[in-house]
């Protein structure tokens, strides 16, 4: 967690506070995923109960820090999103005795608000001129195209660029998740479930079309050739599985510094895959 007193008066500080909160949510998510996988309740587990309580306390503390920072009128939008989150935080605070899957559902509702609406509101204050100075021509084209069709997704993409250009990241798992959601949101916009389901048959364990199926649907409708389509499909699969890949890779690394450097490299690789697909979907050509 970033040290020192944050101030809500500038975008970098606001972004740091949101990052702190998101990181604490991610720590709790990891514990809950372990509990769900092994079929125990965190609150009654000898080893995980103290860890879970500590993580819930961290979530609550960083949330209260956000509330205290976003008090001025310029953060009215952020305060609205925090008001949506607050009852969910209360659920998490008393929920560790419930089945892990149920608690995960609450946590992911918080993460959804944080990852889209709250980030969007804080980024609207200042879209981050520092990241704009280092954008490549392709990044600029993708950002402009996204802003024309889905402005909130454009903000998420800008957040990814800012995360990867910054020097003080402690984790890039949230960046990978943000990147995946950028691609998911564009696919959902271009290929609504109802349209895809007219021509795609789901597997028994599927509840909705996958990102890969949506990409295939869009590119086939555009008459894109098999080779180009196969490359895009493989790239979508890599991005779709990126967060899980990063989580697994944690166990293969000894030091924190090695982990941070390696995960940043992995996210940059996923970013290359994602941007190739984004450019194809947005019909951006060099």
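The values are calculated or read from the model by the stated rules, or taken from the named source; none is laboratory data. This one's a predicted model, so the numbers in the text were calculated from it and none came from an experiment. Cβ sites come from the backbone with ideal geometry, for glycine too, and all protein chains shown count toward neighbours.
For the criterion of being closer than 24 Å to residue 116 by Cβ and over 25 Å from the mean Cα position of the chain (by Cα), residue 195 passes.
Scanning segment 180-210 for residues being under 30 Å from residue 159 (Cα atoms) and crowded, with 16+ Cβ neighbours inside 10 Å gives a total of 14.
Out of the residues in segment 223-238 that are at negative phi and not in a helix (DSSP H, G or I), state the one that is surrounded by the most Cβ atoms within 10 Å (Cβ to Cβ). Ranking the candidates gives 224 first.
No other residue among 271, 220 is part of a helix (DSSP H, G or I) and either touching a strand residue (DSSP E or B) at 6+ places or on another chain (Cβ under 8 Å) or at pLDDT 90 or above (or both) apart from 220. The residues listed here are 72, 93; of these, the one that is modelled with pLDDT under 90, assigned by TED's automatic domain parsing to the domain that holds residue 18 and surrounded by 13 or more Cβ atoms within 10 Å (Cβ to Cβ) is 93.
Of the numbered criteria (1) modelled with pLDDT of 85 or more; (2) closer than 20 Å to residue 163 by Cβ, the one residue 63 fails is (2). Within segment 109-144, the set of residues being closer than 18 Å to residue 164 by Cβ, surrounded by fewer than 17 Cβ atoms within 10 Å (Cβ to Cβ) and at pLDDT 70 or above comprises 135, 136, 137, 138, 140.
Taking the criterion of being at pLDDT 80 or above, closer than 27 Å to residue 159 by Cα and assigned by TED's automatic domain parsing to the domain that holds residue 135, would at least one residue in segment 244-252 satisfy it? Please lay out each step first, then the result.
Narrowing segment 244-252 to residues at pLDDT 80 or above: none.
Scanning segment 244-252, I find no residue that is at pLDDT 80 or above, closer than 27 Å to residue 159 by Cα and assigned by TED's automatic domain parsing to the domain that holds residue 135, so the answer is no.
One residue alone among 238, 177, 215, 232 is touching a residue at least 40 places away in the same chain (Cβ under 8 Å), in the same structural domain as residue 266 (by TED's automatic domain parsing) and closer than 26 Å to residue 19 by Cα, and that residue is 177.
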